1. Sort out which residues of segment B:67-80 are more than 8 Å from chain A (Cβ to nearest Cβ) and either open to solvent by 30 Å² or more (accessible area, probe 1.4 Å) or in contact with a helix residue (DSSP H, G or I) (Cβ under 8 Å, 6 or more places away or on another chain) (or both), and write them in order of number.
2. Could you list, in sequence order, all residues of segment A:325-367 that are open to solvent by 20 Å² or more (accessible area, probe 1.4 Å), under 16 Å from the mean Cα position of the chain (by Cα) and more than 30 Å from A:V302 (Cα to Cα)?
3. So is A:E636 open to solvent by 10 Å² or more (accessible area, probe 1.4 Å), within 21 Å of A:E616 (Cα to Cα) and under 44 Å from the mean Cα position of the chain (by Cα) or not?
4. Answer yes or no as to whether B:G10 is under 14 Å from the mean Cα position of the chain (by Cα), of a type in the set (G, A, S) and facing chain A (nearest Cβ under 10 Å).
5. On the basis of being crowded, with 20+ Cβ neighbours inside 10 Å, hydrophobic (A, V, I, L, M, F, W, C) and either under 30 Å from A:L7 (Cβ atoms) or free of Cβ contacts under 8 Å to residues at least 12 places away in the same chain (or both), does B:L88 make the cut?
6. Are any residues in segment A:701-725 under 41 Å from the mean Cα position of the chain (by Cα) and among the charged types (D, E, K, R), and if so, which ones?
7. Say whether the condition of being away from every other protein chain (no Cβ under 11 Å) and of a type in the set (K, R) is met by at least one residue in segment B:81-94.
8. Answer yes if at least one residue in segment A:554-566 is touching a Phe, Trp or Tyr at 6+ places or on another chain (Cβ under 6 Å), over 25 Å from A:P283 (Cα atoms) and touching a residue at least 40 places away in the same chain (Cβ under 8 Å), and no otherwise.
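The values are calculated or read from the model by the stated rules, or taken from the named source; none is laboratory data. None of the values given here were measured: they were computed from a predicted structure. Don't worry about glycine lacking a Cβ; one is built from the backbone with ideal geometry, like all the others, and counts go over all protein chains shown. For the accessible areas, the whole protein counts, side chains as well, though only heavy atoms, and no ligand, DNA or RNA atoms are used. Shrake-Rupley method; radii C 1.70, N 1.55, O 1.52, S 1.80 Å.
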Amino acid sequence: MRLLARLSAWKRNLFDRRAMEQSLDEELTAFIDLLAEEKQRGGMAPVEARRAATLEAGGLDQLKEECRDSRALHWLEVLLRDLRYGLRLLLRSPGFAATAVLTLGLGIGATTAIFSVVHATLLRPLPYVQPERLVYLKQNLANYGPMPFSFPKEVKAWHEQSRALSEIGAYIDTRVNVTGLGEAQRLNCGIGTASFFRLLNTRPAAGRLFAPEEDRPGSAPVALISYNLWRGRLGGDPGAVGRVLTVDGMRHTIAGVLPQSFRVPDRYGFDQDLWLPFADSEPAPDRPPYMARAVGRLAPGVTVDAAQAELDRILQATQRRPGRAHALVVPWQEEIASGVRTSLLVFLGAVGFLLLIACVNVAILLLSRSAGREREVSVRLALGAGRARIVRQLLTESVLMALAGAAAGLAFAYWGKDLLVAFLSKSLPAMDPVQLDYRILAFNLGLGLLTGIAFGLTPALQSVRTQERTGLHDSARGTSESRAHHRVRNTLVVVQVALAVTLTIGAGLLAKSFFRLRGLDLGFRSDNLLTLSVNLTPSDYPTALRQAAYFEQALSRVQGLGGVEAAALNCCLPLGDLRWSVSQMKLDGRAEPVDQTDLEVVSPDYFRTMRIPWREGRAFTAADKQGAPYVAIVNETFARRFCPDKRCLGRRIEHWSRPNETALIIGVAGDTHGSAERPVEPVLYAAYLQSEVPSMTMVLRTSGEPMSLAAAVRAQLLALDRNQPPHNLMPMDDLRAQWIAPHRADMFLLAVFAGPALLLGSIGIYGVVAYTANRRTHEIGIRLALGARPRDVLSLITGRMLLLIAAGELLGAAAALALNKVLRTLVVEIPTTDAATYAGSCLLWTAVALLACYLPARQGARTDPVLALRSE
Amino acid sequence: MPSSTNLLQGTLDLLVLRSLMSNELHGLGIARRIEQMTGGTFQVKPGSLFPALHRMEEAGWLKSAWGESETNRRARYYRMTAAGRRHLQLETEEWQRISIAMAQALATS
């Protein structure tokens with residue numbers, strides 16, 4: 001009964017307000033009438049009685065206010081009213097509102113974006129049963145530190161003997177040639193234990209998963225395919241289970257299809273198309289062993305340390321030389337995130353700092369605005385409003401602004417989080433896409449509220465405090481800012497300027513280096529060059545002779561195609577992902593052996609096809625084949641570094657893979673950039689006909705658009721042997737773009753930070769100068785009246801500010817110099833102290849800052865002295 | 001111990017309910033009745049009375065309606081509800097208990 005009455009009262013208060021107000025008005029008026037009547041009966045004159053009655057009642061409006069205050073949900077009513085008022089005020093000064101909302105939106109949005117990624121990566125638990133019991137098994141190697149790899153035989157030993165782990169699984173990443181799916185394909189392949197899929201709570205979309213017996217050789221060979229492969233290559237064939245694939249020459253039956261949601265939770269993002277059972281973890285003879293990644297689940301009650309101790313014991317027993325490696329057990333989630341945790345937290349910190357600066361800026365802007373509302377506040381105080389009430393109302397306004405900023409920020413975060421993920425994609429673990437779910441929304445809202453209170457509190461408290469002393473007087477406003485306030489504000493301006501300058505310098509350097517890289521001469525002509533790779537299935541081409549024969553035929557077939565000007569081979573193409581290096585070879589005429597050099601196995605036409613400048617001697621010919629004397633070619637860097645007198649021709653060098661053999665150096669070629677990270681290295685070229693060539697990259701100089709020949713080339717190679725899939729067909733220019741992609745990303749990221757920093761800094765300066773001008777309006781009026789020129793007033797207002805800006809720039813430039821080391825890892829091809837960039841950034845910033853200073857100062861100097869003197 | 005404002009509020013509520021025990025009254029009438037009941041000790045100001053009346057109406061203890069006064073003036077009349085009657089009974093008992101205890105405490109030295 002009571003509840004019902006209360007609810008209907010709430011409804012009435014919120015929705016029938018007008019009726020309520022009217023009713024209240026009538027009731028109170030009636031009361032005063034009755035009271036007056038009573039007094040009249042007592043003998044007073046009518047007019048007298050009415051006046052006395054009104055006095056006794058205490059004033060109609062005050063009465064109404066008292067009644068209103070006691071109504072249920074009154075606070076809600078007041079809040080709604082404050083919000084409406086605040087909104088009206090904001091809409092009346094759109095410039096200020098837009099600036100504030102955008103500033104806050106930037107800060108809050110960036111923080112939300114990064115928080116959402118942090119949440120998805122570091123905070124969200126893995127979607128498995130009891131994910132905190134899942135661990136990653138690593139090894140601590142004596143000279144190298146922690147490695148995430150183990151040998152399959154070590155994993156087997158752990159699997160058989162460990163009690164501390166209730167389940168141990170392992171997986172290997174590799175690539176294989178697959179036929180039986182239409183055209184031959186080279187696919188990403190995983191080799192996993194049955195327990196691995198159990199650990200990940202996998203349920204097959206079709207068929208079954210591996211059985212424990214299939215971890216060991218002896219069962220019929222089976223395979224699992226990924227959902228995407230099933231949908232794509234197999235067209236969603238319902239009879240997929242049972243089909244036969246030939247994987248690297250061996251027949252496997254498809255036993256099951258993995259579900260679409262299946263994902264290996266590590267940070268390598270390998271995306272396996274196909275899975276083979278662990279029985280296949282024995283590589284072909286004279287191939288290096290596979291390296292496996294091992295994971296497990298702790299048995300109930302076992303600690304990480306206990307598990308580590310036990311696994312270490314087992315490990316030492318398997319080692320030929322105990323003590324070289326020790327077992328290391330880490331929680332799986334930690335391992336996944338480890339690559340990116342520091343960067344993310346640094347980002348979060350940086351962005352939080354940005355948000356702080358944004359808040360301070362908005363607070364300063366608010367302060368300069370509140371100076372103009374002093375009269376309003378005084379009047380309200382005089383009318384009897386409580387101080388707390390006014391502060392609450394002012395805070396409502398700030399929170400409103402902050403929430404608007406938060407909404408804008410949410411839009412920004414929605415777009416920004418994908419940008420962030422794309423930028424970090426190399427180091428981020430494979431995971432579900434980052435969602436802006438309710439947790440993130442709550443974070444956003446909370447941040448908005450917090451921000452609103454944070455930057456709104458000081459100005460709000462300030463406005464009510466001023467009135468204590470000056471009230472509604474016309475006299476000059478006292479300086480309500482203490483020395484401390486001044487100092488804090490000045491420091492903040494300097495810091496903002498410094499930050500903006502540092503970031504701009506960094507962005508400038510990166511931009512310059514990026515453009516340099518783009519135009520860099522790589523030592524060869526990359527236009528109109530088609531590249532592709534073939535990895536021969538070992539069982540199909542077991543000997544060097546057969547391998548070389550394949551590639552010889554492949555070359556002649558491809559050279560016959562129209563549109564192909566030249567074709568060649570290289571095992572390790574520059575800018576490709578494979579580089580071989582050899583070391584410790586004795587060279588004629590040199591005391592110390594060659595310590596390290598890159599090795600590239602090439603065909604005779606290689607240098608011509610790539611248009612690499614030729615220096616001395618001759619290139620390989622068809623005569624340099626198996627059985628003929630070994631020959632080698634070197635590049636300029638090799639000649640410069642290793643050959644005495646820089647003359648290499650005619651010298652003999654120890655063969656890199658055949659003991660007791662030497663090769664004759666017959667030519668010197670121009671330098672090429674082998675890889676992105678390192679500068680030009682010495683290169684030793686070998687003839688492919690004289691080497692083992694299990695896999696090669698083919699380059700074709702085309703007369704037209706490279707990709708237009710891709711299909712034809714592919715067809716020719718498949719006609720030669722349809723079980724050897726050509727893969728990675730792409731123009732060289734694409735490889736080149738991939739090569740500089742990280743630099744582009746870095747440049748963008750820094751620019752994305754530098755831009756807002758510049759904006760925030762200039763807003764900060766603007767705000768401070770506007771505030772100063774506002775505070776000193778009275779003083780300015782006096783000066784102008786006494787004959788000061790507007791120019792003098794300008795310099796008066798901006799004087800201190802210019803000093804601060806200069807200080808900030810110096811600080812910023814100094815910081816950039818100090819961060820030299822960090823910059824050097826990112827910036828290539830130009831010195832990190834490039835004077836032009838420093839000067840340019842400082843100039844840019846000075847121009848921006850001067851503008852930000854000038855605008856409000858000009859406003860202040862333009863005040864009509866009469867108005868200034870008359871105003872408060 | 002309830003705070004002083006609550007005590008005052010509770011007391012006022014009680015007096016209002018008591019004054020409405022036998023009949024309906026308008027605002028002024030309630031104020032006069034309370035004055036009469038307490039022998040002039042409590043002179044309720046409209047600033048306290050009307051907020052209290054509205055509060056109690058929202059709580060469901062009173063019901064109001066427009067009516068005509070003795071002098072044919074429009075006024076808002078208040079009446080006690082069943083819930084209000086229950087509340088009055090409970091609070092009266094509580095008061096009596098407290099006053100006996102207080103008297104005892106203050107009597108002994």
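1. If the condition is that a residue be more than 8 Å from chain A (Cβ to nearest Cβ) and either open to solvent by 30 Å² or more (accessible area, probe 1.4 Å) or in contact with a helix residue (DSSP H, G or I) (Cβ under 8 Å, 6 or more places away or on another chain) (or both), then B:E68, B:E70, B:N72, B:Y77, B:Y78, B:R79, B:M80 are the ones that fit.
2. Matches in segment A:325-367: A:S343, A:L345, A:V346, A:F347, A:L348, A:G349, A:A350, A:G352.
3. Judged against the criteria, A:E636 is a match.
4. Criteria not met by B:G10.
5. Answer is no for this residue.
6. Across segment A:701-725, the qualifying residues are A:R701, A:E705, A:R714.
7. Yes, segment B:81-94 contains a residue that is away from every other protein chain (no Cβ under 11 Å) and of a type in the set (K, R).
8. Looking for residues that are touching a Phe, Trp or Tyr at 6+ places or on another chain (Cβ under 6 Å), over 25 Å from A:P283 (Cα atoms) and touching a residue at least 40 places away in the same chain (Cβ under 8 Å), one finds none in segment A:554-566, hence no.
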